[in-house]
Amino acid sequence: MFELLYTSVATKKLREPDLTDILIYSRINNQNMGVTGMLVCLDRQIMQILEGDEEAVKCIFDGIRRDNRHTQVEVFYQGFIDERAFNQWTMAFKLLEGHEASKFLVGYEEFNKDKCPIGMVKDNPNLGKKMFLSLRNFLE
């Protein structure tokens, strides 16, 4: 089992119809490829975790990297895992407003209230995984 976490910046603010289209396509594609994960959006910033067979995850990520709706696509962690963290979702989703993301990170030593939460997790992959797990638990 393999996971990949990345961040990107959308070329424009994603509106509800844009997000709906992305989620419908992602969920069908991920299901067909046996991939699960979660997508988080904060303004134009995107953070996503993908998990599944290494080849399938990298294939999906290559498509994301080529998608002209994304800029500044950066992998901040990839590696092998023992089990899925998002096995219930082909693509869980959370749209964060303002500083809502901060409440999932407060209490960690690396927390910086003046820094964008997605920027914080790019600097610390462990914190990024913790944020995804906190958001997952919030959805359950």
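Going by the alpha-carbon gyration tensor, a ≥ b ≥ c the square roots of its eigenvalues, is segment 1-44 rounded (a/c under 1.5) or, if a/c is not under 1.5, prolate (a/b greater than b/c) versus oblate?
In terms of gyration-tensor shape, oblate.
Working out 0.36 nm times the residue gap between F80 and E55, then minus their Cα-Cα distance, what length gain in nm do you get to one decimal? Don't skip to the end; give the middle numbers.
Numbers: separation 25, 0.36 × 25 = 9.00 nm, distance 1.20 nm.
That works out to 7.8 nm of additional length.
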Diffing segment 59-68: the Karplus 3J(HN,Hα) column from phi (6.51, -1.76, 1.60, θ = phi - 60°), in whole Hz with x for Gly and Pro, holds 5, 4, 5, 4, x, 5, 4, 7, 5, 6
Long-range amide H contacts for A10: which residues qualify at under 5 Å (H placed 1.01 Å from N, peptide plane, sequence gap of 5 or more or a different chain)?
Q45, I46, T71
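Values in this text are rule-based calculations from the coordinates and carry no lab data. Because the structure is predicted, anything quoted here is derived from the model rather than measured.
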